[in-house]
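Asks: Once you've had a glance at the structure underneath, I'll fire off some questions.
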Amino acid sequence: MLELRNISTYYGNIQALKGIDLVIDRGEIITLIGANGAGKSTTLMSISGVVPPREGELVFEGQSLLGVDPDRIVGRGISQVPEGRRIFPHLTVRENIDMGALLRRDRDGIKRDLEYVYSLFPILAERRGQAGGTLSGGEQQMLAISRAIMARPKLLLLDEPSLGLAPLIVQQIFEIISQINSENGTTIFLVEQNANQALKVAHRGYVMENGRITLSDTAANLLENPEVKAAYLGV
Ligand code: ATP
């Protein structure tokens with residue numbers, strides 16, 4: 001579905017990605033783990049076009065994404081939930097959710113998807129008239145995920161969805177990620193510092209260090225890998 005070939009991305013003169021190769025197949029949950037500053041967010045932003053790569057090739061469903069505007073990348077079926085959630089604090093919950101469907105014209109489909117996100121997150125239905133900024137951190141994460149789902153993505157990019165959330169909420173968010181994948185067949189690319197939880201929901205994983213992929217395997221194997229255990233699982 002998506003292939004990154006030898007992708008290099010820069011911030012000015014700083015090279016954040018140093019030739020990344022990565023493959024995501026349809027229907028998978030793939031996780032990318034690594035320390036702070038390894039280049040995980042940059043990988044997501046390279047895919048979504050927010051920080052376009054300078055070298056390499058990026059192919060989604062047989063077509064190159066290089067040079068394509070972020071809006072058009074959303075239109076092709078890739079939605080991103082950015083780190084830190086970035087909801088609109090002064091808009092209501094419902095208005096925030098509706099923002100995700102701005103590019104769509106199929107009213108019946110939009111209505112169905114709205115009911116679907118309310119079924120995933122009943123708390124958002126209860127709070128639909130409330131300003132987004134009054135929600136808790138976990139609820140704002142749910143809102144950001146809902147907004148992304150409303151674009152009906154084929155590929156959903158999630159940047160650190162568990163960051164700063166209480167353990168119970170983290171558990172709930174990971175269960176929902178699994179559910180979105182299994183119910184809709186939505187392919188998910190999950191960037192996480194919480195490697196343990198991420199590898200438990202993912203099918204395969206990549207490990208990143210200093211802008212390079214250093215390891216790739218099934219999630220089950222990575223959970224058992226001694227180096228991964230020592231560096232990322234706190235075992
Ligand atoms: P984190 O978990 O902290 O977000 P990360 O693995 O997602 O870490 P990136 O945010 O992708 O890492 O950062 C990769 C590298 O690029 C880091 O060395 C970082 O300092 C650098 N970097 C990120 N954003 C910028 C920017 N806007 N300008 C310059 N350098 C940047």
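Every number here is computed from the coordinates shown, using simple stated rules; none is lab data. The shown structure was predicted, so the numbers you read here are calculated from the model rather than taken from an experiment. Positions of Cβ are generated from backbone atoms using ideal geometry, with glycine treated the same way; all protein chains shown enter the neighbour counts.
Asks: Using +1 at the Cβ of each Lys and Arg and -1 at the Cβ of each Asp and Glu in segment 54-189, identify which of Pro82, Gly132, Ile177 lies farthest towards the dipole's positive end.
Replies: Checked the options; the winner is Gly132.
Asks: I've got another one for you. Which value, in debye to the nearest 20, describes the size of the charge dipole of segment 1-139 about its Cα centre when Lys and Arg Cβ atoms bear +1, Asp and Glu Cβ atoms bear -1, and nothing else is charged?
Replies: Around 280 debye, computed over segment 1-139.
Asks: Could I ask something else about it? Where Rh denotes the Kirkwood radius from the mean inverse Cα pair distance, what is Rg over Rh for segment 1-56?
Replies: 0.96
Asks: Here is a follow-up. Could you put Thr92, Thr218, Thr31, Thr187 in order, starting from the residue whose Cβ has the fewest other Cβ atoms within 10 Å?
Replies: So the residues, fewest neighbours to most, are Thr218, Thr92, Thr187, Thr31.
Asks: Given the options Leu58, Ile73, Leu103, identify the residue whose Cα lies farthest towards the positive end of the charge dipole of segment 56-113 (+1 on Cβ of Lys, Arg; -1 on Cβ of Asp, Glu).
Replies: After comparing all options, I get Leu103.
Asks: If you fit an axis through the alpha-carbon atoms of helix 137-149 and take the longest principal axis of the Cα set of the chain, what angle between them do you get, 0 to 90°, nearest 10?
Replies: So the helix axis and the longest Cα principal axis differ by about 90 degrees.
Asks: For the chain, find the longest principal axis of its Cα atoms and tell me its angle to the long axis of helix 167-184, 0 to 90°, nearest 10.
Replies: Roughly 90 degrees between the two axes.
Asks: Also, I was wondering about something else. Out of all DSSP beta bridges in the chain, what portion is antiparallel? Express it as a percent rounded to 5.
Replies: If we restrict to bridges inside the chain, about 55 percent are antiparallel.
Asks: Could you work out the Kirkwood radius for segment 101-154, taking every pair of different alpha carbons, averaging 1/r and inverting it, reported in Å?
Replies: Taking the inverse mean of 1/r over all distinct Cα pairs, segment 101-154 comes out at 11.6 Å.
Asks: Any chance you could list P(r) for segment 19-107, counting all Cα-Cα pairs in 10 angstrom bins from zero, rounded to whole %?
Replies: 13, 41, 34, 11, 0
Asks: Taking the beta-carbon count within 10 Å as an exposure proxy, list Thr134, Thr186 from fewest neighbours to most.
Replies: Thr134, Thr186
Asks: Restricting to DSSP loop positions (anything but H, G, I, E, B) with no more than 16 other Cβ atoms inside 10 Å of their own Cβ, which trypsin sites (Lys or Arg not before Pro) remain in segment 116-180?
Replies: Arg128
Asks: If you don't mind, there's one more thing I want to ask. With Rg and the Kirkwood Rh both taken from Cα atoms, where does Rg over Rh land for the chain?
Replies: 0.96
Asks: Over segment 129-207, what number does the Rg to Rh ratio reach, with both radii from the alpha-carbon atoms and Rh per Kirkwood?
Replies: 0.96
Asks: Moving on to the next point. What is the dipole size for the chain, taken about its Cα centre, with +1 at each Lys and Arg Cβ and -1 at each Asp and Glu Cβ, in debye to the nearest 20?
Replies: With only Lys, Arg, Asp and Glu charged at Cβ, the dipole is about 460 debye.
Asks: Next question, about the same structure. Based on other C-beta atoms within 10 Å, arrange Glu3, Glu28, Glu126, Glu160 from fewest to most.
Replies: Glu126, Glu3, Glu28, Glu160
Asks: Could you tell me the distance between the Cα centroids of segment 87-140 and segment 37-54, to the nearest Å?
Replies: 26 Å
Asks: Taking every DSSP beta bridge that has both residues in segment 130-235, what percent is antiparallel when rounded to the nearest 5?
Replies: Antiparallel bridges: around 55 percent, rounded to the nearest 5.
Asks: Here's a follow-up. Sum -39500 (n - 2.57) across every DSSP H segment of at least 4 residues in the chain, then divide by the residue count to get the 222 nm mean residue ellipticity, nearest 500.
Replies: Calculated mean residue ellipticity at 222 nm is -11500 deg cm²/dmol.
Asks: Here is a follow-up. Hey, if you put +1 on the Cβ of every Lys and Arg and -1 on every Asp and Glu Cβ in the chain, which of Met208, Ser8, Ala144 ends up farthest toward the positive end of that dipole?
Replies: Going by the Cα projections, it comes out as Ala144.
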